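Asker: Pasting a structure below so you can have a look.
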There are 2 protein chains.
Amino acid sequence: MPPRPRIADVADIAGVSRTTVSHALSGRRPVSDEAKAKVIAAVKELDYRANQLAVNLRLQRTQTIAFVMPDITNPFYPMVARGVQDTIRDAGYQVVVCSTDGDPVREAAFLSDMVSRAVDGLIIDLFRTPAHAVEALVGKHTPAVMLGPMKAPPIGDRVHGDDRVSVAEATRHLLRSGRTRIAFAGGPPGIGPGGIRQSGYEDALLGAGVAVDRKLVISADYTRDGVRVAVEAALADGLDVDGIVCANDLGAIGALDALRAHGRSVPDDVAVIGFDDIDAAALVHPALTTIDNRAYEKGTVCGRLLLQRISGELDGPFRDIIVPGSLVVRDSA
Amino acid sequence: MPPRPRIADVADIAGVSRTTVSHALSGRRPVSDEAKAKVIAAVKELDYRANQLAVNLRLQRTQTIAFVMPDITNPFYPMVARGVQDTIRDAGYQVVVCSTDGDPVREAAFLSDMVSRAVDGLIIDLFRTPAHAVEALVGKHTPAVMLGPMKAPPIGDRVHGDDRVSVAEATRHLLRSGRTRIAFAGGPPGIGPGGIRQSGYEDALLGAGVAVDRKLVISADYTRDGVRVAVEAALADGLDVDGIVCANDLGAIGALDALRAHGRSVPDDVAVIGFDDIDAAALVHPALTTIDNRAYEKGTVCGRLLLQRISGELDGPFRDIIVPGSLVVRDSA
DNA sequence: TGGCGTACGCAAACCGGTTTGGGTGAACTG
DNA sequence: CAGTTCACCCAAACCGGTTTGCGTACGCCA
């Protein structure tokens with residue numbers, strides 16, 4: 001089994017120098033038709049493909065962008081990833097995905113590692129690493145886009161939804177149907193997107209002249225089981241509730257589990273609203289009313305932004321792009 | 001904004017040679033405590049991190065493994081990916097995911113590209129590229145594991161389920177409950193895992209003395225909509241059926257859609273069984289009886305196998321590892 | 001025939017690390 | 001005191017491409 005052919009092998013067979021092979025293949029300098037033909041013949045004969053490692057080192061780029069996300073098994077992220085990949089593929093880029101489980105150690109490790117691997121761009125969705133720490137990890141050489149509503153100072157463009165507005169709208173949807181004891185089930189305080197979504201919930205309540213009752217704010221995490229347990233505990237505790245706005249769909253599904261376990265019917269006794277509109281939202285029973293988080297579109301926006309930053313087509317101040325969500329009314333509310 | 005520090009900068013500040021810096025950091029040769037201390041101080045001062053591109057070129061490895069899959073938004077694959085990542089992370093490897101949509105052009109392009117990027121290992125799940133073509137694309141230098149029941153000649157280890165046995169068991173489950181008109185809904189003939197699963201279906205039927213009725217074999221694809229449409233068409237056509245075994249869960253969910261649209265109750269009129277046990281299987285109504293495809297375990301097995309091949313700890317003939325599935329009985333059958 | 005411009009090919013430098021092979025001085029040995 | 005051994009460090013080669021800068025051959029023109 002022969003080793004992979006190198007450019008020198010091609011040059012030997014074609015009877016020209018390595019330089020000429022390089023120029024013939026890249027077209028960056030003119031090469032006579034005769035030489036070009038010989039090079040192409042040699043390439044075909046050897047099945048030569050350039051070693052990208054060498055190209056990367058010389059050019060200091062990798063045609064790779066990294067996507068650092070909290071959880072690859074949360075369907076929102078694969079959908080974003082697909083949007084990213086569909087957008088950058090034609091430009092010759094690949095995407096490497098890094099699932100951190102929201103662990104700050106792993107978040108930092110991935111970020112640092114990707115930078116030293118010289119990825120050309122980063123898409124970052126962090127749970128527990130504060131913005132100022134990101135700056136130290138990533139530096140200023142690598143274009144980055146922050147996915148989600150991370151607080152300033154950003155080190156790159158941001159693309160996010162108008163979560164606060166969307167959740168307010170969802171909450172008003174419940175208020176309009178006459179609900180008055182509306183709870184919010186989110187993640188741990190200050191972690192992930194729950195905080196800003198909770199603000200939207202409070203906006204709507206206050207706008208309707210309803211006081212925010214601390215007992216109605218349930219803090220859990222963003223998993224099905226976590227929210228199920230938290231809601232069950234609240235119900236067992238005698239919580240008086242006729243609607244639950246959840247920080248994400250997985251959590252909302254957990255809330256459905258809990259309500260079913262306590263014999264409450266949805267939406268008659270308690271209405272439930274999620275966030276994300278993952279595929280499963282339409283599958284559960286009753287089908288989940290939720291907010292479409294536009295995962296695929298966000299992916300394409302991130303991809304385009306990065307491509308533009310890399311090419312220099314876009315520079316100057318960081319942009320802040322909002323991909324608005326929209327309420328999808330199904331059966332649960 | 002200064003450029004990234006190089007090893008020469010560290011060497012200058014520490015007052016030693018680049019060689020010594022390298023040895024001090026890698027530990028591959030002994031270095032005096034004094035020199036080591038100076039190197040470490042300089043590294044800290046500069047926040048030096050080695051440029052992995054250079055390391056990769058010199059060492060001819062990338063600490064990267066590529067996972068080429070048909071569809072990243074099919075929840076089975078993210079779960080496998082998580083298993084892979086959890087297994088290889090501690091060894092310092094990352095995973096890049098490539099979603100091909102089953103397009104043979106893209107399958108070939110990704111494979112070829114990953115090899116020229118010198119990934120250290122490949123996990124491959126192909127829909128439309130035949131095995132012999134894979135060999136030409138991948139060559140013999142890159143360890144690979146084929147996920148799924150690809151036919152010979154393999155170019156690497158294989159890990160797959162005993163799909164034929166599992167589906168036979170599932171089919172017998174229906175036969176035992178007195179069903180006699182059992183259909184099979186799979187992908188297009190010869191594409192993807194449908195074929196071998198169909199064999200299991202036929203095994204069970206023949207084993208029970210039931211003839212296989214061609215009209216009961218519905219060929220569609222592996223998406224929810226594709227199977228819904230195909231099953232609706234069959235029902236509209238007057239198909240007499242009291243059970244459907246599907247090649248995957250997404251398809252089974254589509255079958256549920258179709259049955260509901262035609263007013264058939266599940267499982268009373270028609271029983272439905274899926275394959276994979278994705279999260280959604282437990283969410284649909286009625287909850288789907290299915291075969292647990294052990295996605296996460298398969299990911300860990302692939303990861304371990306690759307690590308062993310890369311390290312040379314494992315060599316010799318390609319292995320064929322079976323991760324058996326198991327029937328998960330819920331409400332739909 | 002001499003002067004000049006153009007087209008094209010090549011040697012060498014470069015990217016930033018790791019590894020090899022040789023050299024030096026100190027400690028130890030007989 | 002000469003001969004070894006050992007611990008340590010360094011210069012140079014190397015990975016495999018791309019790019020720079022220069023040299024040469026050739027055509028064109030006066």
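Asker: Any chance you could count how many residues in segment A:51-92 are within 16 Å of DNA strand C (Cβ to nearest atom) and either more than 15 Å from B:ASP113 (Cα to Cα) or of a type in the set (Val, Ile, Thr) (or both)?
Answerer: Number satisfying all stated conditions: 7.
Asker: Return yes or no: is A:ILE88 touching a residue at least 60 places away in the same chain (Cβ under 8 Å) and within 14 Å of chain B (Cβ to nearest Cβ)?
Answerer: yes
Residues checked against (1) closer than 24 Å to B:PRO130 by Cα; (2) surrounded by fewer than 17 Cβ atoms within 10 Å (Cβ to Cβ); (3) β-branched (Val, Ile, Thr):
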| position | (1), (2), (3) |
| --- | --- |
| B:HIS173 | no, no, no |
| B:GLY190 | yes, yes, no |
| B:ARG197 | yes, no, no |
| B:LEU216 | no, no, no |
| B:THR223 | yes, no, yes |
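Asker: Something else about it: Only one of B:VAL55, B:VAL96, B:VAL68, B:VAL84 is away from DNA strand D (no atom under 15 Å from the Cβ), β-branched (Val, Ile, Thr), out of contact with any helix residue (DSSP H, G or I) (no Cβ under 6 Å at 6 or more places or on another chain) and not assigned by TED's automatic domain parsing to the domain that holds B:ASN248. Can you tell me which?
Answerer: B:VAL96
Asker: May I pose another question? On the given criteria, is A:ASP269 charged (D, E, K, R) and modelled with pLDDT under 95?
Answerer: Spelling it out, it is not the case that A:ASP269 is charged (D, E, K, R) and modelled with pLDDT under 95.
Asker: Among the listed residues A:THR171, A:THR142, identify the single one that is in contact with a strand residue (DSSP E or B) (Cβ under 7 Å, 6 or more places away or on another chain), over 22 Å from A:TYR296 (Cβ atoms) and within 12 Å of chain B (Cβ to nearest Cβ).
Answerer: Being in contact with a strand residue (DSSP E or B) (Cβ under 7 Å, 6 or more places away or on another chain), over 22 Å from A:TYR296 (Cβ atoms) and within 12 Å of chain B (Cβ to nearest Cβ) holds for just one of A:THR171, A:THR142, which is A:THR142.
Asker: Only one of (1) more than 13 Å from every other protein chain (Cβ to nearest Cβ); (2) within 13 Å of DNA strand D (Cβ to nearest atom) fails for A:ILE40. Which number is that?
Answerer: So A:ILE40 meets the others, but not (2).
Asker: Now for a separate question. Give segment B:9-26 a look and list any residue that's touching a helix residue (DSSP H, G or I) at 6+ places or on another chain (Cβ under 9 Å) and surrounded by fewer than 17 Cβ atoms within 10 Å (Cβ to Cβ), or say none.
Answerer: Result: B:ASP12, B:GLY15, B:SER17, B:ARG18, B:THR19.
Asker: How do the pairs read when you match residues in segment A:92-106 that are closer than 17 Å to A:ARG304 by Cα and more than 9 Å from chain B (Cβ to nearest Cβ) with residues anywhere that are assigned to a loop (DSSP other than H, G, I, E, B) and charged (D, E, K, R), using Cβ under 8 Å and keeping only pairs 6 or more apart or on different chains?
Answerer: Taking only residues 6 or more apart or on different chains, the pairs are A:TYR93/A:ASP120.
Asker: Answer yes if at least one residue in segment B:232-241 is within 29 Å of A:THR73 (Cα to Cα) and touching a residue at least 12 places away in the same chain (Cβ under 8 Å), and no otherwise.
Answerer: The answer is no; no qualifying residue exists.
Asker: What are the pairs, 6+ residues apart or on separate chains, where a residue within segment B:1-21 that is at pLDDT below 90 has its Cβ under 8 Å from a residue that is near DNA strand C (Cβ under 7 Å from one of its atoms)?
Answerer: Between residues of segment B:1-21 that are at pLDDT below 90 and residues that are near DNA strand C (Cβ under 7 Å from one of its atoms), the close pairs are B:ARG4/B:ASN51.
Asker: Next up: Whether any residue in segment B:274-296 is under 18 Å from B:ILE65 (Cβ atoms) and under 23 Å from the mean Cα position of the chain (by Cα) is what I want to check.
Answerer: yes
Asker: Do you know which residues across segment B:282-333 are basic (Lys, Arg) and buried (at least 17 other Cβ atoms within 10 Å of the Cβ)?
Answerer: B:ARG294, B:LYS298, B:ARG304, B:ARG309, B:ARG330
Asker: Considering only residues that are free of Cβ contacts under 8 Å to residues at least 24 places away in the same chain and surrounded by fewer than 13 Cβ atoms within 10 Å (Cβ to Cβ), look in segment B:28-50 and name the one that is nearest to DNA strand C (Cβ to nearest atom).
Answerer: B:ARG28
Asker: Only one of these is more than 21 Å from B:PHE67 (Cα to Cα) and crowded, with 19+ Cβ neighbours inside 10 Å: A:VAL97, A:VAL138, A:VAL105. Name it.
Answerer: Residue meeting the stated conditions: A:VAL138.
The values are calculated or read from the model by the stated rules, or taken from the named source; none is laboratory data. These numbers come from a predicted model, not from an experiment. FYI the Cβ positions are ideal-geometry reconstructions off the backbone, even for glycines, and counts take in every protein chain you see.
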